[in-house]
Amino acid sequence: MTAVRFVRSAMSVLPRRLRSPALPATVEIIVDGAPVSIAVRRSDRACRYLLKLPAASEHPVLVIPAHGSLDRGLAFARAQSGWLRERIRRRPDHVRFEDGAEIPLRGEMHLVCATGLLRGGVRLVAGTQPLPRIEVAGDPEHLARRLTDWLKAEARRDLEPAVRRHAERLGVKPKRIAVRDQSSRWGSCSTNGTLSFSWRLILAPPMVLDYLAAHEVAHMVEMNHSRRFWRTLEAIAPHTGAAEAWLKRHGASLFRYGPR
C-alpha cells in the first residue's frame, strides 16, 4: 500500500506539461459526407496511432499512444477514411435479440420467438419449420436480457463438463469457471486457476467450445504458447486445428448477435 500511495503522490506533483491531456470519449469524422462516431482510447503500450473496427464494438476505435495528441490522431483517422468506409460497408449487419431474430446456437441457426406469455422462461422447441425455435416468455421489452442470461447459462452448462473432462486427463483442478462477455479473447486462464470464457462460444459449433475448454485447461500445465503447450493441447483435443480454422474464419461473426 505504501508504494501505491507513493506513486499517486508523485503523479500529483508532476508538472502539468508532462501529463497527457484528457481525451474525449468519442470524436466524429466525415466519411462520404456522413458523420462517423469514433471511440477514442489512449494506450500506454501503443507505439503508433491505430484505427480499428472491432467486431465487439459498435463504433470504430482510435488508439492514441501515451504521449500522442488528439489532433494527430484525428488527422490519422481522416487519412484512413477510405479504409474505414470499406470496412464499414463490408461489416455484417448487427442482429439484435428480438422476436423474429435468427441466431446460431451450438452452430445451428434458430428462430427467436416471443411467446407473449407473462410466465415461463426460455425453452428450445426442436423440429419446427423453417428453423428450430428458442421461445422466450415475459415482457418483450426484457427479451434481450432474458435470452442473453439463458445463453450464458447454456454456455456454462456445456463448458463445465468439458473443462472437467480435460482437467481430469491432465491431472489438474481448476479453481473456478467464469462465463463473461469478453470481447478481446475467447478464454483465459489466471495464475490462481480461474478459467474465464466468452458466453458467445455457445453460438459456435460444439467442437469449438470443447477446443477452447481444452485450450484454457492446457494453460494450467503450460502458461505460454510454446511447442510443449501445443503438444499438450493436441493430446487432449485432436480437433485443435479444425477449431482454430473455424474461429479464424467465423469467430468475428459471433459478435454480430445480441449486445456488443
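The values are calculated or read from the model by the stated rules, or taken from the named source; none is laboratory data. Since the structure is predicted, the reported quantities are computational estimates derived from the model, not experimental observations. So basically every Cβ, Gly included, is an ideal-geometry build from the backbone, and we count neighbours across all protein chains shown.
Some values worked out for this structure:
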{"read-out": "Contacts under 6 angstrom Cβ, first residue in segment 129-150 being in contact (Cβ under 8 Å) with a residue 12 or more places away in the chain, partner of a type in the set (Lys, Arg), 6 or more apart", "value": "Glu135/Arg123; Val136/Arg146; Gly138/Arg146"}
{"read-out": "Search result, residues across segment 138-178 that are surrounded by fewer than 17 Cβ atoms within 10 Å (Cβ to Cβ), in a loop (DSSP other than H, G, I, E, B) and either among the aliphatic types (A, V, I, L, M) or in contact with a helix residue (DSSP H, G or I) (Cβ under 7 Å, 6 or more places away or on another chain) (or both)", "value": "Val172, Lys173"}
{"read-out": "Flag for Arg133 being closer than 26 Å to Pro206 by Cα, of a type in the set (D, E, K, R) and surrounded by 17 or more Cβ atoms within 10 Å (Cβ to Cβ)", "value": "yes"}
{"read-out": "Enumerated strands (runs of 3 or more DSSP E) restricted to segment 26-65, each holding at least 1 residues that are among the β-branched types (Val, Ile, Thr) and farther than 18 Å from His94 by Cβ", "value": "26-31, 34-43, 61-65"}
{"read-out": "Positions within segment 88-110 being more than 25 Å from Tyr211 (Cβ to Cβ) and in a loop (DSSP other than H, G, I, E, B), in sequence order", "value": "Arg91, Asp93, His94, Arg96, Phe97, Glu98, Asp99, Gly100, Ala101"}
{"read-out": "Within segment 240-254, tally of residues that are under 15 Å from Ser183 (Cα atoms) and hydroxyl-bearing (Ser, Thr, Tyr)", "value": "1"}
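Yes or no, residue by residue, for (1) at pLDDT 90 or above; (2) of a type in the set (A, V, I, L, M, F, W, C); (3) crowded, with 16+ Cβ neighbours inside 10 Å; (4) in the same structural domain as Arg157 (by TED's automatic domain parsing):
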site: Gly33; (1), (2), (3), (4): no, no, no, no
site: Ser57; (1), (2), (3), (4): no, no, no, no
site: Phe97; (1), (2), (3), (4): yes, yes, yes, no
site: Val122; (1), (2), (3), (4): yes, yes, yes, yes
